[in-house]
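Written below as structure tokens is the structure these notes are about.
The values are calculated or read from the model by the stated rules, or taken from the named source; none is laboratory data. Since the structure is predicted, the reported quantities are computational estimates derived from the model, not experimental observations. Reconstructed Cβ throughout: ideal geometry from the backbone, glycine too, with neighbour counts over all protein chains shown.
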């Protein structure tokens, strides 16, 4: 190894130290680029966490009606594909779904 890769008094440097030395030299020469890259990484992380937070909020909002219903039995119309767009159930059919423990 040449003299630039030797640490004074400690012999040759390990591969990890050599990598750190290269990074420090490059970062020292391009401080603006390093700062801009760091800001970009932090901004990307913040935006990703904001998206995760919004998704969790939307999931909670979407299930709030079902969570707070405290129902023992959930009855929906025939071929209902979503909670928001359920088809009406005729009143005479509602009594067919009453649970046996209420009788």
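Give the residue that is modelled with the highest pLDDT, with candidates limited to residues of region 37-73 that are surrounded by 10 or more Cβ atoms within 10 Å (Cβ to Cβ) and within 30 Å of residue 95 (Cβ to Cβ).
Among those residues, the one meeting the criterion is 64.
Please find, within region 74-96, the residue that is modelled with the lowest pLDDT out of those that are surrounded by 10 or more Cβ atoms within 10 Å (Cβ to Cβ) and in a helix (DSSP H, G or I).
94
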